[in-house]
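Encoded as structure tokens, the structure appears first; notes follow it.
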């Protein structure tokens, strides 16, 4: 693919084609894993990047596209894969990361919603599951995980944008991710969920105002703060950082909190560009900077976790 | 003639109620916060309003236009480029 491919948004079919092509072009490094399917039975593919054969390494997980309208998020996952494949051996950070970690990447966690934003309603947020008791469609996948599920900050109304679903992991998309991470919890040490917008580096908790056990470590100079400082230094852009609940508002049922409670103690949610002007309609001309600054933050944190 | 994104900061509880109503009863999309239930005084609200709705309602609350050409941006992003080398 040409570099310009990554500076555009792509339809779901294009992304499925890209996943297949990426595996075919890099058979020794990239493996495609089917972890489940969506409400409308679209496949959920995870790319596993693994540089060295041999015993299972520790791993990092990145998911993109939980919320359908946040198009920059899948664009980042594609960007990350391209960066990993193109700059291994040239860029110190990515070389170090791939030498020490396997990487699992889920480019589109909500394929039904993503397709719907391309074809019908650009502003759709949730998945597309049909509620049995109501005419309303979709649950908020980031309210559907089992972390203080459906308490203050979520809604039990199927018509709400923050509908938590019928029960924890009621949605096949969140269930598939949870199942995969449960079965890989001994190897996955670092979790990233990529969202937009508002430029933030968040970590648990969002489901309570309580601080995580290792709050000071997550916020410290060598983690979120260092990542935000690097973005500011290299890209002259300001990212806020902090625990989700205190930095934004209470939002229970999020994937990052659930992952943290599962035992993956380095769990982050990134909110990419911008701070509101373009919001979910971030122009393609901004994709490069949005992805590069998120990549800087991700690499900063990943290197620190490898050290630890 | 185009969809717009408005930034509105409610100053009173009445403003909050108006915004909650507008973002649930009309064909608008709340960009920020995630849901009307989070709207509160002094919180910046971003609201996507389709052109057809812009013509039919008015809110008596100060606002600024964040994005005046949302429709054009959407068209630009979904443009099918046959020249793409892939």
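The values are calculated or read from the model by the stated rules, or taken from the named source; none is laboratory data. This one's a predicted model, so the numbers in the text were calculated from it and none came from an experiment. Neighbour counts run over all protein chains shown; Cβ positions are idealised from the backbone, glycine included.
A few comments on the model shown:
- Which numbered condition residue A:114 fails, given (1) touching a residue at least 12 places away in the same chain (Cβ under 8 Å); (2) over 27 Å from residue A:217 (Cβ atoms); (3) part of a loop (DSSP other than H, G, I, E, B): (3)
- Subset of the range A:224-247 (residues that are under 19 Å from the mean Cα position of the chain (by Cα) and over 28 Å from residue A:179 (Cβ atoms)): A:224, A:227, A:228, A:231, A:239, A:240, A:241, A:242, A:247
- Helices (runs of 4 or more DSSP H) (entirely within the range A:163-251) containing at least 1 residues that are away from chain B (no Cβ under 14 Å), buried (at least 20 other Cβ atoms within 10 Å of the Cβ) and at pLDDT 95 or above: A:172-183, A:224-235
- Among the criteria (1) buried (at least 18 other Cβ atoms within 10 Å of the Cβ); (2) within 14 Å of chain B (Cβ to nearest Cβ); (3) under 30 Å from residue A:170 (Cα atoms), the one residue A:290 does not fulfil is (3).
- Identity of the residue in the range B:46-58, in contact with a strand residue (DSSP E or B) (Cβ under 7 Å, 6 or more places away or on another chain) and more than 10 Å from chain A (Cβ to nearest Cβ), that ends up surrounded by the fewest Cβ atoms within 10 Å (Cβ to Cβ): B:54
- Residue A:22 within 14 Å of chain B (Cβ to nearest Cβ), surrounded by 15 or more Cβ atoms within 10 Å (Cβ to Cβ), over 28 Å from residue A:254 (Cβ atoms) and modelled with pLDDT of 95 or more: yes
- In the range B:4-20, residue farthest from residue B:64 (Cα to Cα) [restricted to those that are under 13 Å from the mean Cα position of the chain (by Cα) and part of a helix (DSSP H, G or I)]: B:20
- Checking each residue in the range B:22-57 for being closer than 24 Å to residue A:271 by Cβ, out of contact with any helix residue (DSSP H, G or I) (no Cβ under 8 Å at 6 or more places or on another chain) and either in contact (Cβ under 8 Å) with a residue 60 or more places away in the chain or assigned to a loop (DSSP other than H, G, I, E, B) (or both) picks out B:33, B:34, B:35, B:42, B:43, B:44.
- For the range A:130-162, a residue qualifies if it is more than 14 Å from chain B (Cβ to nearest Cβ) and surrounded by fewer than 19 Cβ atoms within 10 Å (Cβ to Cβ), and the qualifying residues are A:130, A:131, A:132, A:133, A:134, A:135, A:146.
- Restricted to the range B:60-72, and to residues there that are outside any strand (DSSP E or B) and in contact with a strand residue (DSSP E or B) (Cβ under 7 Å, 6 or more places away or on another chain), the residue that is farthest from residue B:5 (Cα to Cα) is B:61.
- In the range A:209-244, the residues that are touching a strand residue (DSSP E or B) at 6+ places or on another chain (Cβ under 9 Å) and touching a residue at least 60 places away in the same chain (Cβ under 8 Å): A:223, A:224, A:227, A:228, A:231
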